[in-house]
Structures are given as C-alpha cells and as structure tokens.
C-alpha cells in the first residue's frame, strides 16, 4: 500500500505547487507565494473526547479516550466495539466533510491523532494511522488542501488531563521510554510522508503541561530531538512547536533551532485585543519566524469574528476547534442525540440503569448514524463569523421571513453583537477553563439552538421549540424580512413572564412602546397586539428592544387585515400610526389617523394618568394627521426624562401609546 501511494504522489509532483514551507518569516507554498492558513481541526475523529460526545464529560475517569473505549467494550464486547469504532471514524469524517470544508474556503485541516494509531509499542508500526491519513489525502487532493498532523496523545501523556489520554499523570516527562517512543513515531511518520506535498507539516506535541520538577528546557530538548529525527529523513515539512501550558508559554523555546519551523499558539476564552497576543508577535518579529493559531474556538460567534480579524490583521493563520460535535452550538455541525443514545448517556452519567448489550449496540449505532454530515444540524452563524467580512457590519437573514407570516423570536439575523442583535453578555472572556457549560464567563445561558450572546431556552410548546429568555434592559433583536406583501396587519408578539416594557420598530420607525403583562409564569404565553399597522412594499427590518426586562419572547405574527391602498381611508379607522423618534430628545412627531370627522383631544399624560401637556383640542377631518411634542409641559417647562402616554380621544373612544423622553 505504501509503495502505491508513494508512486501516485511522485506522478503528481509535476503538477504540484510543492511543499508548504517557511520562507523569510512567512508560511509559503512551493512557488514561494505566501498563504494564510485557514482551517478546521478534525477533533473528536481519532481522539474521542467526552464533552464532544455529550457523555462522560464531567465524570472523573470517563472523559479520556481510553476510558471511553473501555466503557464501550464493557457494554458490547471487543468484537462489536472494534466494528463500532470503524463505523464511528467513517461517519465522523469522510469525503463529504472535506468537500464541505473546501466549499467554505478552508485550505488546510489539522488531524489530532493518538500515538497508538501509528505505533502501540516501541519498535512496532500500526498501519491503521497511515491508512486513515492516506484516505484523508485522497479526499483533500482535489482541493490542494493541506494536512497538518498533530500528536494529540503522546506516549505516556504530555499533560495530566484526559485530552492527552492521561491517567492523571503526565508520564511522558517522568518515566523512561516514552520520549524515545515519541521520537520514533515521528521519524516513522516523516519517513512515510517525506515526499508528500499535501502534508502541511508536523505539530509535534499538543498542549504540553510540564509537571513539577520538569523545566521548559526539558520541553525544548525533546522538541529538538524530534526535529533532528525528522530531519534525518524529511527536509521538506514544517515543524510546528507549541508552548507549555496548553500551547501558551514559549519560555526557552526561542531561539528557533530549525529553518523550517513555526510557533503554534492556542487561544481560548480571554479578550480579543492585540495585547493578548503581543508576546507571540514580538517572538515572531524578533526571530523572523511565522505564527500559527493551531487551536481556538469554544466561544460565541462574535468572539470568533474578532479573533479571525485579530489573526488576519497580523498575518497569522488559524485553525478552528472543531468542525463537528454532538449537540453543541459552537461548531458548524451538531449531531443529534437520539432517544436510544440518550438512554445510554443516562447510564453513563449515573442517572439510568445499565442497558443490555443489544440495546447499547443499537444506541451506539444510532449515534454513529447521527454523525454523518447529512444528518447533522447546521449551526448557521458559525461559518459566516469566520469567513464573511461583513459579519461585523451587515446583518444577514437567518431564515426567510414573510409578511404575512410567523417569525420565531430565536430566528433573528446572523451577524455580530450590535449588528444582528445586542446582548449584555455576548462572548466569554472569563478565566481559562470557563468554556461551554463552565461556571464562569457565560455568554449564553441557555446553550441551545444558536451560538450568540442571545440567551435561548428549549420550550417545546406553541408550535415552536425555543424562545428568547433571560432578557435584560437594552438588549435587542433584529429581523430582516425579504418576502413582503404590502397591506394592513395586526402584529401579535407572544410573550410570557412577569411584566416589562418592549419597544417595537419597523424600518427604524417606532411602532409602539408596549407594556408587557404579567402572565403568571415563564411559559404562560399571551399575545400583545399592535393593531392596524401599515406595511409598505419592499424588504422590511423588524427590531424588538427590551426597555424593561422580566419576560420571554416566543414568536411574532403578522396577520393580514386589508390591502394597502394609500388613497383609501378605512371606515371608522382610528389609530396612532407611529411616534418618531421614540425614544426622543428634543422633539417627537405623532402621526395618527381619524376615521370620521369629529372633535378630538390630543394629550400627553404621565404614567399615573395626569395630563402633562394638551397638544390639541379641536375638530379634525377624517384622514391622517401629525402633531409634534417638544418635551414641554403645559407651563412651558421641560418635562423630566421618562415614559409618557400619548392619548388621542374623541367621539366616545380613545387610543394611546407610549413615548420615552431621554435627556
């Protein structure tokens, strides 16, 4: 098999651009053209992690790959377990996944592997790892997509955590034989792939964490030993060097010891300012060596957008963790947890009894099927946050919305905070470790449906599965509506909670400031209705802004009442059309419609119902009218900031709406 693969790539040498390599402080392709690496890590594929599988993630002893494998073997036996893992790997990543990454514009993938997949014991070679990577090469070749190999689990474990398949001790640094085995594996890999142009380099050790008594010089020495072994057989490929403490601390890893190497740092959580990467930039400038952000992610879409900007403005390539997980919002693809697999999760997590071997097998096969890309849910905002330059400037529709029609409140536009929505907590800048589901630094309380700061919860009634919750004053949601039939509509907004105030705008004009009623519970849904709203032709932009919190929002319904004929006055029509601007300072305009000729009074009242200003008290003809209020009271003094009621009354009927004066 190896000979055939080698011959195939030798033939392709003629057409290839050559090896990815370092030249004059930059990563360049074979023709010397600089390339900014953009890609995804294929995490979870060859190194299963508990939190990514929605199981075992926070139970001591059950998150590491070996513990997961042992647990599954205990349930279904060794033979079926081997069959399961074959199916798992072929479902988690296959040609369809690489096709999709290429369509998104990715030019490389990072492949986290377990050392056992290439060599279980010193002096042995496991063909499994080579077979897997060879298949990946065949999928990447049509796109000239580079593959960076990452030793995610080193012999003995490079840190004490489950991500390195550790038993709690980083034995790579403490016991004899493990370092030598790591060197041997890398030399074998480099021997096999020395002439392969699609291999983008070797990421020697993922996220080392040195135990007490081990210095950063020990880390440097191991890196140099591995590099020297690789260079005996392979002069072509880039060596990627990660810092201590999960790829963040490069003490004693400078100066560089090879002409074809890059420093690879990792960045999770934390701020998105240039100060947070300045030490890496200084290291790069001082030694004329390129940087690569080899792992990042596990945050909000807004944070993603800011990190990509930060990297690309400083000529740093990036690789996202990761393209697929089970029931997570932070990756582009989310596999669904089916009922059988959920039963198995309950057992894993200690809340259910052990299933039979037959049931466990069915549950695992259900999970495997859900991992296929065609069966996954697409988290629509994730990829645009990485690839759309306008993500931080222009909102894009999340779904096609129509008037008339129903808009789920959770289907607000795609874009950054302050662009598609505004939420008071919209990215995780908390301490390291405060990731998805962590105790600190939440940016999304609900952790379902979408990956923004907007807090969403499951609430499977009213025909819509999710609602906006945990609202706070000042937060807002925007909806671009592209399928619009002009006409007159009632707008029903379905709410639940214990009261509050909501500002509703259409095309940046205020429709109403609504008192939200106390419905008696967070899931006791009631409509609040804006009546007789004229909708003109063309795309529309709907905005809901929380003025005073205390309620959830489920959906918005535009219900058609009549065609929009500007020359037609509807009989007995009597309404306040709009108050704009609202909130205002120093002056606002009040547009209202009279259905029939009569005497009408227009007043400004405070919330207690006391008159502040009488704007008009006279006869009006049927039709549309406008008055303005400059914030004065009846004595000509300026009213204080706050909420006021505009009231139009006459012919034994009255209408009113709220206005907000801000100073």
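Values in this text are rule-based calculations from the coordinates and carry no lab data. Note that the structure is a prediction, hence the values are computed from the model and not measured. Cβ placement follows ideal geometry from the backbone for every residue including glycine, while neighbour counts extend to all protein chains displayed.
Structure notes:
- Likely footprinting exposure, 136, 253, fewest C-beta neighbours within 10 Å first: 253, 136
- Ellipsoid fit via the Cα gyration tensor, the stretch 179-249: semi-axes of 24, 13, 9 Å, each the root of five times an eigenvalue, largest first.
- Approximate shape of the stretch 312-371 as ellipsoid semi-axes (Cα gyration tensor, √5λ), whole Å, largest first: 34, 12, 8
- Per residue, the average separation of C-alpha pairs within less than 8 Å and at least 6 apart gives the stretch 575-661 a relative contact order of 33 percent.
- Angle in degrees between helix 178-193 and the longest Cα principal axis of the chain, rounded to the nearest 10: 80 degrees
- Fewest neighbouring Cβ atoms within 10 Å first, the residues 455, 632, 150 line up as 632, 455, 150.
- With contacts taken as Cα pairs under 8 Å and at least 6 residues apart, the stretch 395-544 reaches a relative contact order of 22 percent.
- Two-decimal Rg to Rh for the chain - Kirkwood Rh, Cα set: 1.08
- Compared with the dominant Cα axis of the chain, that is its longest principal axis, helix 65-76 is turned about 90°.
- Multiplying each eigenvalue of the alpha-carbon gyration tensor of the stretch 34-384 by 5 and taking the square root yields semi-axes of 31, 24, 20 Å, largest first, rounded to whole angstroms.
- The C-alpha atoms of the chain define a longest principal axis, and helix 339-348 lies at about 60 degrees to it.
- Packing here is the average count of other Cβ atoms within 10 Å per residue, and on that basis the peptides 219-228, 603-612, 550-559, highest first, run 550-559, 219-228, 603-612.
- Rg/Rh ratio calculated on Cα atoms of the stretch 575-661 (Kirkwood radius): 0.95
- By DSSP, the beta bridges lying fully in the chain are antiparallel in about 70 percent of cases.
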